[in-house]
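> A single structure is presented below for examination.
Where a number appears in this text, it was derived from the coordinates with a stated rule and is not lab data. Here the structure is a predicted model, which means the values were calculated and not measured. Methodologically, a virtual Cβ is constructed for each residue, glycine included, from the backbone with ideal geometry; neighbour enumeration extends over all protein chains shown.
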Amino acid sequence: MNHPHLYRNWIVNCAIGEFIGLGCAASVAVFTNQLLGEPQSLAAKITLLLLMVAGGMMEGFFISVFQWRVLHKVIPSLSLKHWATYTIAAAAMAWALGMLPNLLLNNGSGEAASIPPMGIIVLMGAGLGSILGTFMGFVQWLALKRYVAHSGIWIWTNALGWTVGMGIIMFGATWPDEHTTIAYVMVSAVSSGLLAGLSVGIFTGLSFRRFKLPPVGVGSISLNR
């Protein structure tokens, strides 16, 4: 599955989708922080978890739409509803899994937690990204495998893309402190989303070299536009 503009278009659309999607998720995070502050009670923690999962679903929706804009040109049988459903579900579960450790470790004492060095935080983010990226890739692969042969590589390229992407996102989410304005926090979030999207696009786009589409008229067309 190869076309001179496919790889470039894929990278650009992944970056735009993550730019918008993470911006929406960051907006939910800022709103939640203003509403709840640091959650102490079980009810507040559950509320935070549900709100952030909703933000993750928004991120999943936008990344799925922009990815599908490229994919459907070479896999016409892949519907937006089908791709978005799998991607949104994966994003929601990934956000839930990513949020749970922090919520469970927060003992509700209100004491400030010690923050590890930035390098450790970035490495932890990359490690988390490798796990969540593998999960995201697997769920999207469930949608792809009925249309594309040799699509298992999608899982591993997602893992690589999100390993780098989550390291970037964790850096962008950690450097602001209590004195940082909301405007700078949002700029950091959407910039991190853009760079993370580029990472995901660069790595997952390599999968296209391995994809084998069914015959024209069954599930593929040539990219002439």
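> On the first, second and third principal axes, largest extent first, how far apart are the outermost C-alpha atoms of region 47-87 in Å?
40, 14, 8
> Rounding to the nearest 10 and keeping the result within 0 to 90°, find how far the Cα-based axis of helix 80-105 lies from the longest principal axis of the chain.
Roughly 30 degrees between the two axes.
> With angles folded into 0 to 90 degrees, how steeply does helix 118-144 sit against the dominant principal axis of the chain? Use alpha carbons for both and round to 10.
40
> Right, something else. Taking the Cα centre of the chain as the origin and placing charges on Cβ (Lys, Arg +1; Asp, Glu -1), which of L194, W141, T47 is farthest toward the positive end of the dipole?
Of L194, W141, T47, it is W141.
> Only four residue types carry charge here, +1 at the Cβ of Lys and Arg and -1 at the Cβ of Asp and Glu. Report the dipole size of the chain about the Cα centre in Debye, rounded to the nearest 20.
1300
> Just check region 8-72 against the gyration tensor rule for me: Cα atoms, a ≥ b ≥ c as the square roots of the eigenvalues, rounded for a/c under 1.5, and otherwise prolate or oblate depending on whether a/b exceeds b/c.
prolate
> Just grab the label-to-label distance for L142 and R8, each label 7 Å out from Cα along the Cβ direction, in nm (one decimal).
Taking the simple label geometry, L142 and R8 are separated by 3.6 nm.
> Any chance you could tell me what percent of the C-alpha pair distances in the chain go past 34 Å?
Summing the P(r) of the chain above 34 Å gives 17 percent of all pairs.
> Once label points are set 7 Å from the Cα along Cα→Cβ at both H150 and R210, what is their separation, rounded to one decimal in nm?
Taking the simple label geometry, H150 and R210 are separated by 1.0 nm.
> What does the charge add up to near A25, with Lys and Arg as +1, Asp and Glu as -1, over the other residues with Cβ less than 12 Å from its Cβ?
The answer is -2.
> What's the angle, to the nearest 10 degrees (0 to 90), between helix 42-74's Cα axis and the longest principal axis of the chain?
It is inclined by approximately 20 degrees.
> Sorted by mean Cβ packing within 10 Å, highest first, what order do the peptides 51-60, 147-156 take?
Going by the mean number of other Cβ atoms within 10 Å, highest first, we get 51-60, 147-156.
> May I ask you to list the lysines whose Cα is less than 26 Å away from that of K212, ignoring any residue fewer than eight positions away on the same chain?
K73, K81, K145
> Moving on. Net charge near I153: determine it from the other residues with C-beta under 12 Å of the C-beta of I153, scoring Lys and Arg +1 and Asp and Glu -1.
After counting each charged neighbour, the total is +4.
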